[in-house]
Amino acid sequence: MTFGVVVFPGSNCDHDAHHAVTQVLGQPAEFLWHKDTSLRGVDAVVLPGGFSYGDYLRTGAIARFSPVMQAVAAFAAAGGPVLGICNGFQILCEAGLLEGALIRNQQVQFRCEHVHVRVEQIATPFTAACTPGQVLRLPIAHGEGQYVADREVIDRLESNGQVVFRYSAADGRVTDDANVNGSSRSIAGICNPTRNVVGLMPHPERACERVLGSADGLVLFESALGWSGVPRG
């Protein structure tokens, strides 16, 4: 299974994602430049974290106009698996591939720490190997990670099972203290109606090896392999 990792000017987690896929998961990966108009036949796309285009205007607001995003949108429309991490999540929202928006953290602080998220939805390419209610320990690093949307939108996401991750305590309880950025209903990640496009603020690619403090993030990439039918190796 070949992963495509999109690189925008200002991306700074592209090599982290590439390392997780190639060196830990043992699968091929290609870097896709923001000016590319083709995904070159990759089987899954990762939009990594960072500060695309310096986060000018709004986070992800300029990156959504990159030529590569037309190819990503077409790939997603055809059912291809797309994972947006942190800034990648912001770009997916700006591009209309996911609903809602990511705004300044409620505390108006940049948060860089490990958090816990509870898996709410396993019917996606990136959570298929998880169990419902599984708690993952993943790092965050963002200043604009507060997920917001109109109440009707969030109600629809909830009823459709599109809330994929929720900030929680280590034991899985959803509490105000665990909601590190003030996101509506503690939402840490969502998917589109067809569940092939997933976005989340925490960084699973930075939690694929125990030496980094957690290997819980590896399950997202292993899920993609299982979903595609490709054995790990």
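Please treat every number below as a calculation from the coordinates, not as lab data. Source: prediction; values computed, not measured. Note that we place each Cβ from the backbone using ideal geometry, even for glycine, and neighbour counts take in every protein chain shown.
Observations on the structure shown:
- Residue of Val108, Val72, Val119 that the Gaussian network model of the chain assigns the largest fluctuation, springs spanning Cα pairs under 10 Å: Val108
- Convex hull volume of the C-alpha atoms in region 3-228, normalised per residue: 106 Å³.
- Using a cutoff of 8 angstrom between alpha carbon atoms and counting only pairs six or more residues apart, the relative contact order for region 3-228 works out to 21 percent.
- Per-residue Cβ neighbour rank within 10 angstrom, fewest leading, His15, His116: His15, His116
- Value of D in µm² per second that Stokes-Einstein yields for region 66-192, Kirkwood Rh from Cα pairs, at 10 °C (1.306 mPa s): 106
- Over the chain: helical MRE at 222 nm, DSSP H runs n ≥ 4 each giving -39500 (n - 2.57), nearest 500: -5500 deg cm²/dmol
- Between region 85-144 and region 157-176, the Cα center-to-center distance that results, in Å: 11
- Footprinting exposure proxy for Phe31, Phe75 (fewest neighbouring C-beta atoms within 10 Å first): Phe31, Phe75
- Here the chain carries DSSP beta bridges of which approximately 60% are antiparallel, counting only pairs with both residues inside.
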